[in-house]
Structures are given as structure tokens and as C-alpha cells.
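Some notes on the structure that comes next.
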Amino acid sequence: MHIDPCRCCGGFLYPRSSGRRALGGMAAGLLAAAALSGRSTFAADPVPKTTLSPDEALARLKEGNDQFRTEAPYNAVQGRERRVELARGQAPFCALVGCSDSRVPPELLFGRGLGELFIVRNAGNTVDTAALGSIEYGVGVLGCPLIVVLGHESCGAVAAAVDVVQSNATFPSMIGEMIQPIIPAVLSVRRPSGEIVLNDAVVANSRRVVARLKSQSPIAQEAVRANKLKIVAARYRLADGNVEWFEDI
């Protein structure tokens, strides 16, 4: 099987030339213009950003998952008053990259309500240019102090990438294109025997996306250097509802 390296290297889909620098410069210019004008250039009016630190934001997600997993009662922030409040603007405390899988709804499994999570979802929790722009908006404009890349047990997109590597499988239309960025993660956990354990590949995929965010997003890099942002990988287990965290990236 031939894989075009510019399509499946696992990197973001920037233009081939200096697109990465251009995107960073465009984002910085957009933020600067908004600040100089004294008013918002975006869809919602500016509201005070969260005061949570990166560690506090992560602790809040961990607490919410504990409550979800143990079926402990919790009060998600929602209802009419919250809707009216959010009509003026949003200030989420976490930008979350998750899978489209219907069994993995982030607000539920972290016990969160309206306006708390800024979510990007697609099959296989990969990050392309549109997803990266959304994440950078969450960090640079909305002030999220935390990015979580959430994989999950029995991920169909990762399983399809495993099939491509092990069996030279093919998939119709854009499904095959969607799977390609996952393949490097799958290859990274292939054992000398040729065996690939799906859950190993799920974790590797999430960790790989985190590593790319840390190395390829100027906005995320600046926030991390200023200790205003933490980026972590995680995996959700379907049967018991537990989220495992991988912070050593």
C-alpha cells in the first residue's frame, strides 16, 4: 500500500509553503486587532475568562468523571438562567478534542454543563487545520487553560487504521482519507511479532495529537510557556466510565 506522506504524516493540513507561520501570524494579528479596537470581532460579546489554573481545570474534569463513574449526584450548570447568561458570551475552561462516537459525550462523562467545554469532535479525535483553528480560538480568544485530547476504548476509526496496517484494508470515499492521520500512531505500537493491540493504538493516537499541538501551534506554545495552559491526553473506558490520564507528554 502506498501512502502519500504529505497526506498521512500525522501533521496538520497546513499549506505546503510557509502556511504554518502564516496561520500563526494570522491568528496573532486577529487577536491583536480585537484588543486594539476595544471591542469583540467575534460572534459573542467578551465576558470574563475563567480564573481556573490549568491544574484546577484538570482537577475539575477528574472530579466530574469520578462522579459520573460512581453515579454520584452532581449539578450540571444548565437551565434558563444559564442560557441567558451564555447568550452574552462564553468562557469555557477546557478545549476538548474528542471522537464523534455516540458513546463518548464529553459533557456527560465529565459532569459538565452549558458553556464549560469547548469541544472539537471527529472520528478518531484527530486534528486538521479546521480543528487546530478551533482549538487555538478556544485558547487564544476564550482563554481555556486546558486542552484534553480524549481517545476511547474500541475506537472504530483507530480500529480501521489498524486494519489498514495489518490487512491492507481500504475504505470508501473520504473515510479512507480520515483514517490516514491515525496510521503513524498505529505503526508506533506495532510489536516485533507484527501484532497491534487496539487500546495501545488508541493511547498512542491521543498522545501523538498532544505532541503535535505542543510542537505545531504557536498559540498553544506561548500559553504553555507562560504556564497558562496544560495539554494532556486521555482515554475513556466504555464499560466502567473511567477516564485514564496521560500527562507525561
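Separation of the stretch 192-210 and the stretch 125-146, taken as the distance between their Cα centroids, equals 24 angstrom. Taking amide H atoms as placed 1.01 Å from N in the peptide plane, the amide H of residue 120 lies under 5 Å from those of 96, 97, 98, each 5 or more residues away in sequence or on another chain.
Per residue, the stretch 173-249 exposes 48 Å² of accessible surface when a 1.4 Å probe is rolled over the protein heavy atoms with every protein chain present.
Please report the carbon-and-sulfur percent of the accessible area for the stretch 166-245; probe 1.4 Å, protein heavy atoms only, DNA, RNA and ligands left out.
Working: 2010 of 3950 Å².
Its accessible area is 51 percent carbon and sulfur atoms.
Over the stretch 52-146, give the accessible area per residue in Å² for a 1.4 Å probe, as an integer. It would help to have the intermediate numbers written out before the result.
Working: 4290 Å² over 95 residues.
Averaged over the residues of the stretch 52-146, the accessible area is 45 Å².
The amide H of residue 233, built 1.01 Å from its N in the peptide plane, has 149, 246 as neighbours under 5 Å, considering only residues 5 or more places off or on other chains. Judged by the mean number of other Cβ atoms found within 10 Å, the most tightly packed of the peptides 163-172, 71-80 leads the ranking 163-172, 71-80.
Between the amide H of residue 146 and those of 95, 230, distances stay under 5 Å, these residues lying 5 or more places away or on another chain, with hydrogens modeled in the peptide plane. Computed extension gain for residue 53 through residue 100, at 0.36 nm per residue and net of the alpha carbon distance, reaches 14.1 nm.
Look at the dipole of the stretch 91-226 built from charges on Cβ: of 169, 185, 92, the Cα furthest out on the positive end belongs to 185. Of all aspartates and glutamates in the structure, those lying under 18 Å Cα to Cα from residue 214, and not within fewer than 8 positions of it along the same chain, are 55, 128, 136, 222, 247, 248. Loop only by DSSP, 10 or fewer other Cβ within 10 Å of the Cβ. Give me the GluC sites (Glu not before Pro) in the stretch 135-207 that pass, ordered by residue number. Qualifying residues, ordered by number: 195.
For the stretch 198-213, 3J(HN,Hα) computed residue by residue from phi via the Karplus equation (6.51, -1.76, 1.60; θ = phi - 60°) reads 4, 5, 4, 5, 4, 5, 4, 5, 5, 5, 5, 5, 4, 4, 5, 4 Hz, glycine and proline entered as x.
The values are calculated or read from the model by the stated rules, or taken from the named source; none is laboratory data. Just so it is clear, the structure is predicted and the values come from calculations on it, not from any experiment. In this analysis, Cβ positions are derived from the backbone assuming ideal geometry, glycine residues included, and neighbour counts consider all displayed protein chains. Surface accessibility is based on the protein's heavy atoms, side chains included, excluding ligands, DNA and RNA. Shrake-Rupley method; radii C 1.70, N 1.55, O 1.52, S 1.80 Å.
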